[in-house]
1. Search the stretch 227-249 for residues that are free of Cβ contacts under 8 Å to residues at least 24 places away in the same chain and pair each with any residue that is surrounded by fewer than 18 Cβ atoms within 10 Å (Cβ to Cβ) and in a strand (DSSP E or B) when their beta-carbon atoms are under 9 Å apart and the residues are at least 6 apart or on different chains.
2. Residue check, Val165 against (1) surrounded by 14 or more Cβ atoms within 10 Å (Cβ to Cβ); (2) closer than 26 Å to Tyr292 by Cα; (3) modelled with pLDDT under 95; (4) of a type in the set (A, V, I, L, M, F, W, C), all met but one. Which one?
3. Tell me the residue from Ser307, Ser264 that is hydroxyl-bearing (Ser, Thr, Tyr), closer than 25 Å to Ser126 by Cα and either assigned to a strand (DSSP E or B) or modelled with pLDDT of 95 or more (or both), please.
4. Given the options Tyr238, Tyr263, Tyr176, name the one that is of a type in the set (Ser, Thr, Tyr) and touching a Gly at 6+ places or on another chain (Cβ under 7 Å).
5. Looking at Ser285, Ser264, Ser318, which is the one that is small (Gly, Ala, Ser), surrounded by fewer than 19 Cβ atoms within 10 Å (Cβ to Cβ) and touching a residue at least 40 places away in the same chain (Cβ under 8 Å)?
6. Taking the options Leu84, Leu138, name whichever one is surrounded by 16 or more Cβ atoms within 10 Å (Cβ to Cβ), among the hydrophobic types (A, V, I, L, M, F, W, C), at pLDDT below 95 and closer than 18 Å to Val328 by Cα.
7. Step by step: first the residues of the stretch 87-125, then only those that are among the β-branched types (Val, Ile, Thr) and either in contact with a helix residue (DSSP H, G or I) (Cβ under 7 Å, 6 or more places away or on another chain) or not in a loop (DSSP other than H, G, I, E, B) (or both), then the one that is nearest to Ser279 (Cα to Cα). Which residue is that?
8. Of all residues in the stretch 126-162, which are aliphatic (A, V, I, L, M) and out of contact with any strand residue (DSSP E or B) (no Cβ under 6 Å at 6 or more places or on another chain)?
Amino acid sequence: MKSKLWVVVFLAVVTLGGVWFVTQRGDDGSISAKNDQPGPVVTGTASGDGETAKAAATKPATRKPDVYFLPEAGTDKQDRVDLLARRQPRITGSRRLDPGRPVTSVDDGSFIHPRYSPDGLEVMFSTAGYKGIYVKALAGGPVRMITDEEGVGFSAHYNDEGDIVVKTTDGDSKLYHADGTPSDAPTKDPAKGSVGVFTQDDAILYRATAGAPAVPISEGDDRYYGGVVSPDGQHIVYNGVSTGLFIKRTDGEGLAVSLGEGYSPSWLPDGSGIVYNISVDDGHSMMASDLYMASVDGTVVSNLTNSPEIIELNPVVSPGGGEVSYEVDGVVWVSQLF
C-alpha cells in the first residue's frame, strides 16, 4: 500500500513540474522567470542635456519592435537597435555634431527636407508629401510660406542669386524670390536638363557641357537614382536601390567608392566628403536613423549623432561647412559640426 502511495505522489510531482515548466517557456521556446516582462526595444539613451531637450521638443516617432528589415535577419525577432547596428559602416573618424537647437517648433507645424539659403542665414523646408515651400531665418522670426502648391518641395532649391527654383507636378519650373513673390524671369537651372548629372534607364550619367557626350557613371545591374555633383565638380554621389551610396569621379574614370547603406547625401562645401543618414523603416514608419560623414574616398567615416532614441533625417551642410541642418520628427534642427 505504501509503495502505491509513493507512486501516486511521484506522478503528481512530475505532472506539476511539467505544468510549471510549460508556463515558464516563452513563445520562442526560451525559458524565463515567472515574473519576467519583455524589455524595452531601445537599450541606449541620448547623452547630454541637448539630446534630452531634442527628444522632449519633438513628437515621438512610431516604433515597432517586431519588424524584419533585412533579408539576412532570418526568422528571429530583431530589435530596432540591433538592426541599426547591422547597417552601420565601420567607424574610423571622430567628427560629430553638437546637440544643436531647434529652428522650428511643433507649434509652427511639421516640416521635412531642410535646405540652406546661399548666404546660410535662412533654411527652406517643406511639409509631408512635399507640399509647399516654407522659409525661416536661423536668427529667429516667423515661418514664411513661399507657396502651398502640391509636390513642389521635393526638387526645390536655391539658385546662385538666392531665388527659389521649384518644379511643379506638371513638370513646369517656377521661380520665387526669397520674400515669396513669384518671378517672371526665365528659370535658370544648370543642374537639370541636358547638362549635369541625370538618370536614364535606371543609370546615372553626366554631361559636363552642352553638346558633349554623356559619361556613364553608375555600373552594375542595380537601379540607380539621385546623383549630386560635388561643389568642386570632381565627383558625383548617387544611390543604388539595393547597393546603397556610391561616389565616383565625374569623368567616369576609376572605380566607384561604395559606402553601403545611406540616404539623402549632402556635400561638404570643399567637396572633401558628404553628410548623409542611415535609417531603418518598416515600409510605413521610420524606426531609427543617425547622421554620418564620409570622406570622398570612403576611408574615413564618422557617426555624427550616435543617438539611438532620436531619428535624424535629411541632413544638409551649410554653405560655410560649419553647420548641419536636419529634421527630427517634423522639427527642423541645426547643429555645429566639429
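1. Close Cβ pairs satisfying both conditions: Gly240/Tyr225; Gly240/Ser258; Val241/Tyr225; Thr243/Ser258; Thr243/Gly260; Gly244/Ser258; Gly244/Gly260; Gly244/Tyr263.
2. (2)
3. Details: Ser307 fails: either assigned to a strand (DSSP E or B) or modelled with pLDDT of 95 or more (or both).
From the options Ser307, Ser264, the qualifying one is Ser264.
4. Values: Tyr263 fails: touching a Gly at 6+ places or on another chain (Cβ under 7 Å); Tyr176 fails: touching a Gly at 6+ places or on another chain (Cβ under 7 Å).
Answer to the check: Tyr238.
5. Values: Ser264 fails: surrounded by fewer than 19 Cβ atoms within 10 Å (Cβ to Cβ); Ser318 fails: surrounded by fewer than 19 Cβ atoms within 10 Å (Cβ to Cβ).
Within the list Ser285, Ser264, Ser318, the selection yields Ser285.
6. On the way: Leu138 fails: at pLDDT below 95.
Result of the check over Leu84, Leu138: Leu84.
7. If we filter the stretch 87-125 for residues that are among the β-branched types (Val, Ile, Thr), which is where we start, we get 91-92, 103-104, 106, 112, 123.
Checking which are either in contact with a helix residue (DSSP H, G or I) (Cβ under 7 Å, 6 or more places away or on another chain) or not in a loop (DSSP other than H, G, I, E, B) (or both) leaves us with 106, 112, 123.
Numbers: Val106: 22, Ile112: 15, Val123: 23 Å.
The residue in question is Ile112.
8. Just the residues of the stretch 126-162 that are aliphatic (A, V, I, L, M), to begin with: 128, 133, 135, 137-139, 143, 145-146, 152, 156.
Once the filter is applied, which keeps residues that are aliphatic (A, V, I, L, M) and out of contact with any strand residue (DSSP E or B) (no Cβ under 6 Å at 6 or more places or on another chain), the stretch 126-162 yields Ala128, Leu138, Ala139.
The values are calculated or read from the model by the stated rules, or taken from the named source; none is laboratory data. Since this is a predicted model, take the numbers as computed values, not measurements. FYI the Cβ positions are ideal-geometry reconstructions off the backbone, even for glycines, and counts take in every protein chain you see.
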